[in-house]
1. Please count how many residues of the stretch 111-133 are surrounded by fewer than 22 Cβ atoms within 10 Å (Cβ to Cβ) and touching a residue at least 60 places away in the same chain (Cβ under 8 Å).
2. Note down all Cβ pairs under 7 Å where the first residue falls in the stretch 72-101 and is within 17 Å of VAL160 (Cβ to Cβ), the second is of a type in the set (Val, Ile, Thr) and at pLDDT 90 or above, and they're at least six residues apart or on different chains.
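The values are calculated or read from the model by the stated rules, or taken from the named source; none is laboratory data. Because the structure is predicted, anything quoted here is derived from the model rather than measured. Ideal geometry is used to build each Cβ from the backbone, glycine not excepted, and the neighbour counts take in all protein chains shown.
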Amino acid sequence: MTPSMTLSEQYPLPDITDDALKTEVFTHKSVAARPAGLVHADRPGDDNERLAFLGDTVISLVVTIVLRNLLPLSRPGDLTEKRKLLVNQDRLAVWADIYGLPSRLQVHYSAELLLRQNTATKAKLFQAYVGALFMQSDRNYRTVEDWFGQLVEQGLEDIVALENAANSLTEKLQTLKLKGPAEEHQPAQVPSSPSPSTSSTSSSNASYQSQLGSLALFNQICAQRNIHPDWQCNNMGSPHRPTHKATVRLSPTCEIVGTGVGGKKQEAKEKAAEEAMEKLGWSQAD
């Protein structure tokens, strides 16, 4: 994402065209002002809580699919931890704010200011919006995934970047503790170049890369080397027919090592990662 574009500009919010669903999404339970015990007495609630209940499940599904695709080497425990970081009230509330959803919420006048600033209320509003999109698309989660999946990818990139930075700092601190006084001033040894691969090894690596996916393998090697790739993704098309261009740079030179174009952000990043892998001479053996 370029610095000049906000997240809402990069990934435009799909519109809810069904008026009934839209009204339900933006109606807080305080509007009805009924006692909690009577809400379910004779008819379903006309607020956004049922849609939020549905949206919570859809969000969890999309996040799980994105994590499984982008982190194929991670175990379920690690995936669960990352999902917790991606699906929590604070992050959902931030996404609601990014798209200006709280300002559209209909609430009881006596608690208007308080409710629109409440984290739980904003998180539930975002869940309700996702639930409505799911219902509007005839229960096709891919419609939600095409938009929301990109938000998840961006959030995951931020999480991985923080983890890599923390791991790098920990390793440097450990190195400083283990080094002797004389060792600290010795120049670092330059690692020797790997020996040329045989044709059979190259074929094996190519097969592995094909099965795993260039982006997943690229991210895995970067993580192993404590390298943080800097991704930039631009939407060059219209909201209805998007064309994404992805570029990736590596520190410390910040030189572009890969560029890719595709109909989806994931496709563009796959192509950029494939180009970067080829340019850098990286393989599964690395």
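1. Start the filter on the stretch 111-133 by keeping residues that are surrounded by fewer than 22 Cβ atoms within 10 Å (Cβ to Cβ), which leaves 111-120.
Next, from what is left, pick out any that are touching a residue at least 60 places away in the same chain (Cβ under 8 Å): 111, 115.
Matching residues across the stretch 111-133 total 2.
2. Note: pairs meeting the criteria are ARG83/VAL63; ARG83/THR64; LEU86/VAL63; LEU86/VAL152; VAL87/ILE59; VAL87/VAL63.
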